[in-house]
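Worksheet: one structure, shown below.
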């Protein structure tokens, strides 16, 4: 269903080329990741270990000259380990807040489903409003701010399923997957040092990214397209095979993602394909399939297939 087209806006093309210089053969995922940050969203990547999830986050941070922080989620991680702590300064005789690793432009929440729900929920305020409250004080997070979380498949041992309230904060859920043979050979030939990201240099500044995010907000989306988008979302709530449909937050995320996609293609207006191509990455983690309708036991594949069917069943505005 998703038609890939080459981005024509020079800054976006430069950013994508820079990331793909390291992350081989993942053009569609890189495009979606760029769309996500242009739309001020957060991203969840669910996949097996070792396919490039951390590399993608680091490439994004380096390419935009942003600060980067990696938090390894474990079962004994505490909320204060993420947000920061207040300590007593013996010199000033005052309590001071020491920011935690969440205070970065790009935060990699690695294996987020290995921590307890209490720790997972510590991210909610930050993801929702880009600020943190600690000791009755509110601290602003850097801008732009993006959480890129990774998650092992739930059948892996020692994992805690993310609650729906947490899942709904992520604009997109993506899957990297294994590279094809040609690209894996290229990686084996070119990447001789583990974790070597020296080839990734900053190609745009944080200020330029903030300007692009502001421009995305001004991309026009006609009322006919908003009606089209709303019908797709509403159909997820009434389909007989769906237990839980997409939320209003999901509809807003789909609109912003469509605007960002239009911006990437050097347009100041949206077309139906902008919405259609974003339905699966934006809504798939927001719908819950009725028990018994999974596809050979794989719920995620069934979610994607069902959303594709729903989208194709909705009449496209002229």
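The values are calculated or read from the model by the stated rules, or taken from the named source; none is laboratory data. Keep in mind the model is a prediction, meaning the values are calculated, not measured. Please note: Cβ atoms are built from the backbone with ideal geometry, for glycine as well, and neighbour counts cover all protein chains shown.
Structure values in brief
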| read-out | value |
| --- | --- |
| Residue 96 assigned by TED's automatic domain parsing to the domain that holds residue 143 and free of Cβ contacts under 8 Å to residues at least 24 places away in the same chain | yes |
| Exclusive hit being under 29 Å from residue 280 (Cα atoms) and in the same structural domain as residue 117 (by TED's automatic domain parsing), set 82, 19 | 19 |
| Positions within the stretch 248-270 being buried (at least 18 other Cβ atoms within 10 Å of the Cβ) and more than 17 Å from the chain's Cα centre (by Cα), in sequence order | 262, 263, 270 |
| Residues of the stretch 100-156 satisfying the condition of being over 19 Å from residue 37 (Cα atoms) and modelled with pLDDT of 90 or more | 100, 101 |
| Residues of the stretch 287-318 classified as assigned to a loop (DSSP other than H, G, I, E, B), within 18 Å of residue 250 (Cβ to Cβ) and at pLDDT 90 or above, total | 1 |
| Residue list for the stretch 24-43, filter: touching a helix residue (DSSP H, G or I) at 6+ places or on another chain (Cβ under 6 Å) and assigned to a loop (DSSP other than H, G, I, E, B) | 24, 25, 39, 40, 42 |
| Wholly within the stretch 199-272, helices (runs of 4 or more DSSP H) carrying at least 1 residues that are farther than 26 Å from residue 14 by Cβ and modelled with pLDDT of 95 or more | 223-238, 248-264 |
| Strands (runs of 3 or more DSSP E) contained in the stretch 99-167 and holding at least 1 residues touching a helix residue (DSSP H, G or I) at 6+ places or on another chain (Cβ under 8 Å) | 106-110, 131-134, 146-151 |
| Sole residue being buried (at least 19 other Cβ atoms within 10 Å of the Cβ) and touching a residue at least 24 places away in the same chain (Cβ under 8 Å), chosen from 102, 124 | 102 |
